[in-house]
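Participant: Sharing a structure, written as structure tokens. Questions coming.
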Amino acid sequence: MAESITLARPYAKAAFATAMQANALSHWSRMLTLAAAVAGNAKVHNRITTPTLDANEIAQSMIDLCGDELDQGCQNFIRLLAKNKRLVLLPQISQLYEVFKANQEKSVDVEITTAFEISAAVTTKLAQALKTRLQRDIKMVTRVNQALIGGAVIRAGDTVIDSSVRGKLSKLAESMKS
């Protein structure tokens, strides 16, 4: 069976194209995030996967749960997903949509995890260096994890730069074992 991300991709592309055409990338982002959260709820998941329910009933339940947050375009999207029995893919669709949106906006979410708190000046310097290297606008989040011992781990999209002491010790231990 195909992976869920593969099944979700055409729907994410369709949602993205619709949002681009309407010049509503952020609005669709919020709507898809909400719908994905609702679909991810265990009780809702059980309802949308119930084979005895009609697709229209399932879609209307989802739309009602989301309240007035969904515009007509997104409601139609939910109905299409229900008709094709793909509502369970909403979390993956939302995730892929965010990737398409970030690529369009030439931005990337960066998470920097350090062993100790870093100053605003260092954060700014890192953001500027990453912006130059990745050629994208940077949306940075910093976290502290004392288990790293020292150094930092930088995650930017699917790129991971591990220059932590813990990471280096793990690599050293691995090389000594082989």
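Participant: Filter the stretch 103-159 down to residues that are farther than 23 Å from residue 170 by Cβ and either within 17 Å of the chain's Cα centre (by Cα) or in a strand (DSSP E or B) (or both), then give me how many there are.
Facilitator: Of the residues in the stretch 103-159, 12 are farther than 23 Å from residue 170 by Cβ and either within 17 Å of the chain's Cα centre (by Cα) or in a strand (DSSP E or B) (or both).
Participant: Moving on to the next point. Applying the selection to the stretch 160-173, what residues are without any contact (Cβ under 8 Å) to a residue 12 or more places away in the chain and not in a helix (DSSP H, G or I)?
Facilitator: Passing the criteria: 160, 161, 162.
Participant: If you don't mind, there's one more thing I want to ask. Suppose we filter the stretch 133-162 for residues that are hydroxyl-bearing (Ser, Thr, Tyr) and at pLDDT 90 or above; how many remain?
Facilitator: Final tally of qualifying residues: 1.
Participant: So is residue 46 out of contact with any His (no Cβ under 9 Å at 6 or more places or on another chain) and either touching a residue at least 24 places away in the same chain (Cβ under 8 Å) or farther than 30 Å from residue 156 by Cα (or both) or not?
Facilitator: Answer is yes for this residue.
Participant: For the stretch 143-154: of the residues being buried (at least 16 other Cβ atoms within 10 Å of the Cβ) and out of contact with any Gly (no Cβ under 8 Å at 6 or more places or on another chain), which is farthest from residue 96 (Cα to Cα)?
Facilitator: So, considering only residues that are buried (at least 16 other Cβ atoms within 10 Å of the Cβ) and out of contact with any Gly (no Cβ under 8 Å at 6 or more places or on another chain), the one farthest from residue 96 (Cα to Cα) is 152.
Participant: Determine whether residue 122 is out of contact with any Gly (no Cβ under 9 Å at 6 or more places or on another chain) and at pLDDT below 95.
Facilitator: Spelling it out, residue 122 is indeed out of contact with any Gly (no Cβ under 9 Å at 6 or more places or on another chain) and at pLDDT below 95.
Participant: Could I ask something else about it? So for the stretch 30-50 (the condition being β-branched (Val, Ile, Thr) and loosely packed, with under 14 Cβ neighbours inside 10 Å), does at least one residue qualify?
Facilitator: yes
Participant: Right, residue 65: within 15 Å of the chain's Cα centre (by Cα), surrounded by 15 or more Cβ atoms within 10 Å (Cβ to Cβ) and at negative phi or not?
Facilitator: no
Participant: Let me ask something additional. Please go through the stretch 162-178 and pick out each residue that is buried (at least 16 other Cβ atoms within 10 Å of the Cβ) and closer than 30 Å to residue 100 by Cα.
Facilitator: Result: 162, single match.
Participant: Turning to a different aspect of this structure: How many residues, within the stretch 90-127, are more than 16 Å from residue 28 (Cα to Cα), surrounded by 13 or more Cβ atoms within 10 Å (Cβ to Cβ) and in contact (Cβ under 8 Å) with a residue 12 or more places away in the chain?
Facilitator: Counting residues in the stretch 90-127 that are more than 16 Å from residue 28 (Cα to Cα), surrounded by 13 or more Cβ atoms within 10 Å (Cβ to Cβ) and in contact (Cβ under 8 Å) with a residue 12 or more places away in the chain gives 13.
Participant: Continuing with this model, one more query. Test of understanding: among 16, 77, which residue is closer than 23 Å to residue 137 by Cα, aromatic (Phe, Trp, Tyr) and surrounded by 22 or more Cβ atoms within 10 Å (Cβ to Cβ)?
Facilitator: Selected residue: 16, the only one of 16, 77 that is closer than 23 Å to residue 137 by Cα, aromatic (Phe, Trp, Tyr) and surrounded by 22 or more Cβ atoms within 10 Å (Cβ to Cβ).
Participant: Another question, then. Can you run down the residue pairs with Cβ atoms below 8 Å, 6 or more apart or on separate chains, where the first is in the stretch 7-27 and under 14 Å from residue 103 (Cβ atoms) and the partner is among the β-branched types (Val, Ile, Thr) and at pLDDT 95 or above?
Facilitator: Close Cβ pairs satisfying both conditions: 12/93.
The values are calculated or read from the model by the stated rules, or taken from the named source; none is laboratory data. Nothing here was measured: the structure is a model prediction, and the numbers come from that model. Glycine gets a Cβ as well: all are built from the backbone with ideal geometry, and neighbour counts include every protein chain shown.
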